[in-house]
1. May I ask you to work out the translational diffusion coefficient for segment B:175-285 at 20 °C, viscosity 1.002 mPa s, via Stokes-Einstein with Rh from the Kirkwood sum over Cα pairs, reported in whole µm²/s?
2. Which percent of the Cα-Cα distances in segment B:299-424 go past 26 Å?
3. For helix B:53-62, report the angle its Cα long axis makes with the longest principal axis of the Cα atoms of chain B; keep it between 0 and 90° and round to the nearest 10°.
4. For residue A:242 and residue A:70 in the same chain, what is the full-extension length gain: residue separation times 0.36 nm, less their Cα-Cα distance, in nm?
5. Report, to the nearest 10°, how far helix A:100-109 tilts away from the longest principal axis of the Cα atoms in chain A, using its own Cα long axis and a range of 0 to 90°.
6. Roughly how crowded by other chains is peptide A:110-117, in terms of the mean Cβ count from those chains within 10 Å of each of its Cβ atoms?
7. Find how many whole Å separate the alpha carbon centroid of segment A:18-67 from the alpha carbon centroid of segment A:88-118.
8. Over the alpha carbons of segment A:118-256, what is the largest minus smallest coordinate on each principal axis, giving the biggest first in Å?
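Taken together, the values in this text are just the output of simple stated rules run on the coordinates, not laboratory data. Keep in mind that what you see is a predicted model, and the values were worked out from it rather than measured. Note: ideal-geometry Cβ built from the backbone for every residue, glycine included; neighbour counts use all protein chains shown.
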């Protein structure tokens, strides 16, 4: 069974490599599992996901990330993506003049073997079926990627890309931020529809709210660059009730 | 909610994409990497290296020209000698052109063939390799294929010829249609317009002559293809297109040259005449090798209710200086320039537009987009002139520059002179850089850095490319992909 293993990972900004943000994080995700990482702002959740995806602003100073038994640290971001890693961005970039349909087509084409041409009819058939699943209007894909999109449209666009690219592991960075409740439900339904034994998911979220719709198998609490507590879905409810201070106090008590 | 089974497709394949295979079958034959070849050709007529009155007399005698043309050429030569290089405003790189080294005339004869079978083998294989005969069959109303100084092939489909449309090269036109030619020749662009228009006027050879009679609308485009084959060669084609009242025509030109270690000069003069109510669309997709000095003067005159649209794409060359213009001579005339320029390492695209309003209620539109890659430099130069005595003129100018690398360069020199108080003028300019976050975003979806750059650039010019005929937009996209491939390291 494919797995994504994060081993004793230290991450810093490339500009300040001596100031780690993620400080020795361990986590293993298998396909078929949905993990949620929760934690207060500024604790390194987004840094973790960007570093795994290979964002050039971040540097991994020690530790390893292993996908299907192979370290991905020497791989370019696009190689990691083609190896099955998908990052749903908190703030997706705008690509002026490039339609969603053409962008996705290029991304799908990039996954074909050299010399193999994309079957346009089959591609559009698949695109439209995914759009139907996510209740996305057909006109949507002729718009430029994320340009002038509302918060909800941007997230829906991320989920559509995820559905089309069919990753083995999806990192979802604050996918719930900026969404009203209807949009949240649609996004969550989309993720639920893709859920299954061929996909592993890491949900990064600040609030418990998203977890009402995507029920995780595991919940981890991240604080000061580490996972400090792990449990099942009841941990999220406990956090919601008691707040992050509870974790902080507990942590202070154990380390004191 | 459980997923329907058909949505659970196979895991993503781990196969790196390699998109370097685009070169083999260029759609419209302007792919420079596909054009970088040369075959030995035996030239029957060769004016040797360097320029003199004797060279001009030689060219004129090979073409068996009338006396007035020789006189016109010799006078232009004096103008060329008298004019300084425009280095007080343009790049000093112009000083590197060695006029004494250039070969000003090379041909196998002055009579182009009407069928590809008659074209001499050594020339025919060049055009076949570039795919020209194939395109002609597919989507063109007529083709003229110029090889160095003269057209090797020129043909217009019967259906178009029967409408009275004339499509030939300037050598033939001067022989067979002197009255039509002479009426407008040098009238839109006078010899002394600039040093290079004077040079062209002295040594011009080849180029297209088109006459579309009153009310005739040519449905398919006419195309000219300009091929430089010889080293140190100067190509000086002269094009004159006349659309008579109410006529409509689209003309496209493409060009390539092999990559030589020495520089090559391409200096054309293109004059368009759109009479009352006529429409001319002139499309250039140019992709010269990066040793070519490409110094071209293009201008149109638009009479009452006429429309002229220049679509000008400049990729390649060492230095391009080109500012297509429209003189809006008649009331309600409309002029438009759509310009796309891509400057890569060692290239300078100095391009733009000129709009000279000379009648009431005339409209001009300029949209220029440039991309600078690596140490490439793109310059926009624009002139919009609306004098005081006119009423109701409109101009809209938009120039956008995209920088790919932090050492890329762009400059913008818009000169807009508007006098009077009944005109509407709008000017917008922007400079943007492809952001690291945007590239990362695309890479995260599986595109290589070069593919991501290429897509960003294609997106930047997409709204303009959509106005192109299909074959050209496909080709342009491919050219951009090729340019961007080597741009990331």
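1. Once the numbers are plugged in, D ends up at 143 µm²/s.
2. Pairs farther apart than 26 Å: 25 percent.
3. Its long axis makes an angle of about 90 degrees.
4. On the way: separation 172, 0.36 × 172 = 61.92 nm, distance 3.93 nm.
58.0 nm is the gain from fully extending residue A:242 to residue A:70.
5. Approximately 80 degrees, to the nearest ten.
6. 5
7. Computed from Cα coordinates, the inter-centre distance equals 25 Å.
8. Projected onto the principal axes, the Cα atoms of segment A:118-256 cover 63, 31, 23 Å.
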